[in-house]
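Student: Let me give you the structure first, and then I'll get to my questions.
Nothing in this text is a laboratory measurement; each read-out follows from the coordinates by a stated rule. Quantities reported herein were computed from a predicted structural model and do not represent experimental measurements. No Cβ is skipped: glycine too gets one built from the backbone with ideal geometry, and neighbour counts run over all protein chains shown.
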């Protein structure tokens, strides 16, 4: 089964990217960690079998750390711009815009905060949509790292769900069930909000760009 792998991403501009890592990271180091996370995520996504990679982007790559490198990687993907007020609406709109460009394809959406993902994990998550109408990958902090929808227009259920909170995962499950879906659960992962998170994720994949960027911060 072919599928759309939707990555929701923000240009890693110093002072605006991963600010919760500061301190101990400097703004430049935090942006470097964010850039490395995005590049490692793109690597995994582009190697996932049967995936058409779509990136919903916001921010100015011209001001971003490793912006030229990111732009070169994005040339291998289908880039759309994020739209909407509030992260809940930007997510819903990204699914709708992906569906419009790739009609009939299921969508697996991730962010750029789980650079430890592998092509095999992403392919297995998408494969679950053969038998499930939706899947959700919960994060250790109470949020979620992946959302898969056989019909991506069901992402409109995200409108009004509070984001970046300890109950975001639970509230997302509730919203999906309220529109008649029965989400299957993917493996739980740690995403990157704090420096402790970053070091824990870096240890999972010590040979990636992300781990090298984290190692710079002392």
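Student: With axes computed from alpha carbons, what is the tilt in degrees of helix 87-101 against the longest principal axis of the chain, rounded to the nearest 10 within 0 to 90?
Tutor: Orientation of helix 87-101: about 60 degrees from the principal axis.
Student: How much length would be gained if the chain were fully extended between residue 75 and residue 199, taking 0.36 nm per residue of separation minus their Cα-Cα distance, in nm to one decimal?
Tutor: 41.7 nm
Student: Provide, in order from the shortest bin, the percent of all Cα-Cα pairs of segment 69-172 in each 10 Å bin, continuing until the bin that contains the maximum pair distance.
Tutor: 14, 45, 37, 4
Student: How many percent of DSSP beta bridges within the chain run antiparallel, rounded to 5?
Tutor: That works out to approximately 30 percent antiparallel.
Student: Something else now. If you count, for each residue, the other Cβ atoms within 10 Å and average over each peptide, how do 12-21, 76-85 line up from highest to lowest?
Tutor: 12-21, 76-85
Student: On a 0 to 90° scale, report how tilted helix 168-178 is relative to the longest principal axis of the chain, with both axes built from alpha carbons and the result rounded to the nearest 10.
Tutor: Once rounded, the angle reads 10 degrees.
Student: Also, quick follow-up: Per the helix-only calculation at 222 nm, which mean residue ellipticity applies to the chain, given -39500 (n - 2.57) for every DSSP H run of n ≥ 4 and division by its residues, nearest 500 deg cm²/dmol?
Tutor: So the calculated ellipticity at 222 nm is -11500 deg cm²/dmol.
Student: May I pose another question? Mind sorting 4, 22 by how few other Cβ atoms lie within 10 Å of their own Cβ, fewest first?
Tutor: Least to most surrounded, the residues fall as 22, 4.
Student: For the chain, what does the relative contact order come out to in percent, with C-alpha contacts under 8 Å and a separation of six or more?
Tutor: Dividing the mean separation by the residue count of the chain yields 24 percent.
Student: Still on this structure, I have one more. How far apart, in nm, are the 7 Å Cα→Cβ label points at residue 156 and residue 2?
Tutor: It is 2.6 nm.
Student: Follow-up. Which value, in nm² and rounded to one decimal, describes the direction-averaged projected area of the C-alpha convex hull of segment 80-132?
Tutor: Spelled out: convex hull of the Cα atoms, projected over all directions, averaged, 4.5 nm².
Student: Order of 25-35, 149-159 by packing, highest average Cβ count within 10 Å first?
Tutor: 25-35, 149-159
Student: Could you tell me the calculated FRET efficiency between residue 83 and residue 170, based on Cβ-Cβ distance and R0 = 22 angstrom, to the nearest 0.05?
Tutor: It comes to 0.25.
Student: Between the helical axis of 27-47 and the dominant principal axis of the chain, each derived from Cα atoms, what acute angle in degrees is found, rounded to the nearest 10?
Tutor: For helix 27-47, the angle is close to 40 degrees.
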